[in-house]
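Below is one structure, written out as structure tokens; the observations come after it.
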Amino acid sequence: MMGVYGYKTKKQLKESVGKQFQYVETSFFGPEYKGDGDYTVVGPDAYHDRRFYATVTVKNDLIVKVT
């Protein structure tokens, strides 16, 4: 699971459809981000404040959909 930054709420993340995906790698086992696809994310801070979870669909490094 990756973290997101720059989004204080899930609503803000949803409003970012069409913009560049801003994420933080949290895995000890290598990069999680592999380009286009669906990613499970946590925010607003993956390490200290896990208030929301979401699935983000990314295409060409842009957010296409947030659920």
Options 43, 30, 6: the member that is modelled with pLDDT of 95 or more and of a type in the set (Gly, Ala, Ser): 43
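So that you can scan it fast, the table gives a plain yes or no per residue for (1) more than 16 Å from residue 5 (Cβ to Cβ); (2) β-branched (Val, Ile, Thr):
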position	(1), (2)
24	no, yes
30	yes, no
42	no, yes
46	no, no
53	no, no
56	no, yes
So residue 43, is it at positive phi and either in contact with a helix residue (DSSP H, G or I) (Cβ under 9 Å, 6 or more places away or on another chain) or part of a loop (DSSP other than H, G, I, E, B) (or both): no
Selection from segment 5-20 of residues that are more than 11 Å from residue 43 (Cα to Cα), assigned to a loop (DSSP other than H, G, I, E, B) and open to solvent by 100 Å² or more (accessible area, probe 1.4 Å): 15, 19
Test result for residue 64, among the aliphatic types (A, V, I, L, M), more than 15 Å from residue 8 (Cα to Cα), open to solvent by 70 Å² or more (accessible area, probe 1.4 Å) and assigned to a strand (DSSP E or B): yes
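The values are calculated or read from the model by the stated rules, or taken from the named source; none is laboratory data. On a predicted model such as this, the values are computed, not experimentally measured, just so you know. For neighbour counting, all protein chains shown are included, and Cβ atoms are generated from backbone atoms with ideal geometry for every residue, glycine included. Side chains included, ligands, DNA and RNA excluded: accessible areas come from the protein's heavy atoms. Shrake-Rupley method; radii C 1.70, N 1.55, O 1.52, S 1.80 Å.
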